[in-house]
1. Can you tell me which residue in the range A:121-155 is farthest from the other protein chains (Cβ to nearest Cβ), limited to those that are small (Gly, Ala, Ser), assigned to a loop (DSSP other than H, G, I, E, B) and open to solvent by less than 20 Å² (accessible area, probe 1.4 Å)?
2. For the range B:45-59, does any single residue satisfy the condition of being part of a helix (DSSP H, G or I), open to solvent by 60 Å² or more (accessible area, probe 1.4 Å), more than 12 Å from every other protein chain (Cβ to nearest Cβ) and in contact (Cβ under 8 Å) with a residue 24 or more places away in the chain?
3. Run A:Phe41 past the list (1) farther than 26 Å from A:Ser166 by Cβ; (2) part of a loop (DSSP other than H, G, I, E, B); (3) without any contact (Cβ under 8 Å) to a residue 40 or more places away in the chain; (4) away from chain B (no Cβ under 14 Å) and report the number of the one that doesn't hold.
4. With (1) within 20 Å of the chain's Cα centre (by Cα); (2) within 13 Å of chain B (Cβ to nearest Cβ) as the list, and A:Ser174 as the residue in question, which single condition is left unmet?
5. State whether the residues of the range B:17-28 include one that is over 17 Å from the mean Cα position of the chain (by Cα) and assigned by TED's automatic domain parsing to the domain that holds B:Leu117.
6. When the residues of the range B:1-23 are narrowed to those that are closer than 22 Å to B:Ile150 by Cβ and either open to solvent by 30 Å² or more (accessible area, probe 1.4 Å) or away from chain A (no Cβ under 14 Å) (or both), which ends up modelled with the lowest pLDDT?
7. Out of B:Thr26, B:Thr31, report the one residue that is touching a helix residue (DSSP H, G or I) at 6+ places or on another chain (Cβ under 9 Å) and at negative phi.
8. Would you check which residues across the range B:82-132 are more than 21 Å from A:Glu38 (Cα to Cα), in a loop (DSSP other than H, G, I, E, B) and more than 10 Å from every other protein chain (Cβ to nearest Cβ) and list them?
Amino acid sequence: MIRQARKKILILYCGKELNYENFCAWIKEMPELEIIAEIAFLFLKNDDGCDKNYFWEQLSQEIRKQKKFDGFVVIHPLSGLLFVSCALSFLLNDFKPPVIFTADYDRPDGEKNKFSIKANLINSVQAATMDFSEVALMFGNRLLRANQAARNYVSSLSLFIGPEKSVLGKIDFSIRILKKNLKNIKAPARFKSRLNDRIEYVKVLPFFNFDNLRKLKEKDGLFLDGTGQILSAKNSDFLKKLDLPVLLFNFQDIESGRNLIAANYLTMEAALTKFMFVLAQTKKISEINQLMAANIAGELL
Amino acid sequence: MKIYFAGDKFAKKLNWRYQKIIDILTGAGNTVMTNLDLNNASQFDENDVEKFQARGETLLEQMDSLLLEITSHFPESGYLLALALAHKKPTIFLAETGIEIDKNIKQILNDKNAAQLLEIKSYRPNKISKAVLEFLEFAEKKAGREVPRIKFTLRITPKIERYLHWKTLNTNFSKADFLREQIEKMISEDEEFKKFNP
């Protein structure tokens with residue numbers, strides 16, 4: 001029998017818990033990884049400052065330039081994981097090798113959690129050797145499409161959940177990739193690998209006064225998180241007069257029109273990062289509308 | 001014990017060997033699950049599978065040990081080994097004598113933690129029973145089977161209770177110790193069972 005050549009997997013560490021020396025020592029405790037694939041490591045400092053989109057762009061560029069690898073595993077803190085993985089799903093929408101995110105999270109006392117982190121990493125490396133083009137999350141017994149996932153607050157080793165079609169793989173005795181759920185975008189468009197962070201994020205609570213939005217300056221977009229509210233006709237007319245695109249998330253019974261873009265078909269993280277991505281591609285309202293409605297990276301729920 | 005047995009599902013010529021391994025393991029009272037389509041293998045109850053899935057656990061975590069037959073190499077063997085070691089499951093690689101073992105797997109034995117849980121055994125096809133029984137001994141020891149861990153409730157008559165009390169009075173043994181010793185003695189004298197246990 002002809003043995004396949006070993007796959008080459010790059011593990012990028014973007015965590016906060018370990019410095020470089022501790023990270024190397026931690027990896028040395030896992031000689032099992034080398035059984036699965038030829039492993040290389042990259043330690044990226046994750047400066048927890050405000051300029052997160054700069055780090056997301058840097059991460060995507062770093063991955064793109066690593067041409068000799070068959071797959072990638074990114075170890076990132078739990079905090080912000082959904083945002084970074086969603087952002088990368090758009091920045092790497094046309095990227096062929098799989099990119100699997102898992103977390104370096106606080107390890108409470110208890111043997112079970114230590115096993116889980118190691119098992120997640122092993123499963124991530126194994127998934128990264130497989131033949132599919134997605135940015136995904138690996139936790140517990142599920143591989144999920146990142147831009148359709150949400151945090152699971154029920155006690156479980158699967159820290160994230162998503163709709164049935166976001167489940168890219170299940171782990172029982174091995175990883176079974178669910179081909180029917182893989183994104184089916186035959187000729188993905190090539191976009192600029194940039195994100196525009198000149199977005200105002202506003203949470204609309206029942207007492208919110210829309211007049212406050214008049215003071216917005218130097219922004220390229222407005223993200224309104226409706227928290228399940230209904231947008232009145234008066235407020236809708238007010239928003240239409242603003243000279244910038246407005247993404248309406250989590251409003252009841254809303255439709256796109258003019259500069260208003262309805263985004264109830266996305267998770268919050270996917271909606272915000274997609275908005276950042278689209279605003280980096282174009283300033284034209286019609287094109288922004290078109291791109292927000294398009295299925296760029298399998299994100300539509 | 002719950003044992004996961006894996007082999008190359010494309011190596012049809014080895015099916016008879018795989019079946020023999022499963023038969024030996026089940027004959028010794030173990031529950032065997034496998035990636036192969038063979039007789040005498042078990043599956044988890046659907047309700048149990050749902051519970052594991054809800055907890056985010058994999059089925060592999062529920063097993064006590066793994067036996068991987070790698071005479072015909074299959075790509076998943078490395079991954080299964082890695083996961084088994086991560087979950088501290090004793091694992092044995094069985095390969096026919098003369099088959100070259102992947103050097104990355106052999107290198108694992110240099111790690112002292114992994115070396116405690118992994119054995120790589122060569123065997124001749126006509127000595128397969130011996131190899132499997134040695135695996136059982138290794139797995140039971142590593143899985144902590146020698147230490148009594150399984151709770152067993154036994155209702156006894158007053159007469160039996162008096163006997164146990166009388167037998168263990170002024171000894172260092174508890175009634176439970178005494179009963180375990182009697183059962184171990186029965187096991188060692190049971191010729192039929194010895195076929196499955198060296």
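The values are calculated or read from the model by the stated rules, or taken from the named source; none is laboratory data. Predicted, not measured: the structure shown is a model, and the values here were computed from it. Cβ atoms come from the backbone with ideal geometry, glycine included; neighbour counts cover every protein chain shown. The accessibility values were calculated without ligands, DNA or RNA, using every heavy atom of the protein model including side chains. Shrake-Rupley method; radii C 1.70, N 1.55, O 1.52, S 1.80 Å.
1. A:Ala149
2. Within the range B:45-59, not a single residue is part of a helix (DSSP H, G or I), open to solvent by 60 Å² or more (accessible area, probe 1.4 Å), more than 12 Å from every other protein chain (Cβ to nearest Cβ) and in contact (Cβ under 8 Å) with a residue 24 or more places away in the chain.
3. The number of the failed condition is (2).
4. With (1) within 20 Å of the chain's Cα centre (by Cα); (2) within 13 Å of chain B (Cβ to nearest Cβ) applied to A:Ser174, the lone miss is (1).
5. yes
6. B:Met1
7. B:Thr31
8. Within the range B:82-132, B:Lys89, B:Pro90, B:Thr97, B:Gly98, B:Ile99, B:Arg124 qualify.
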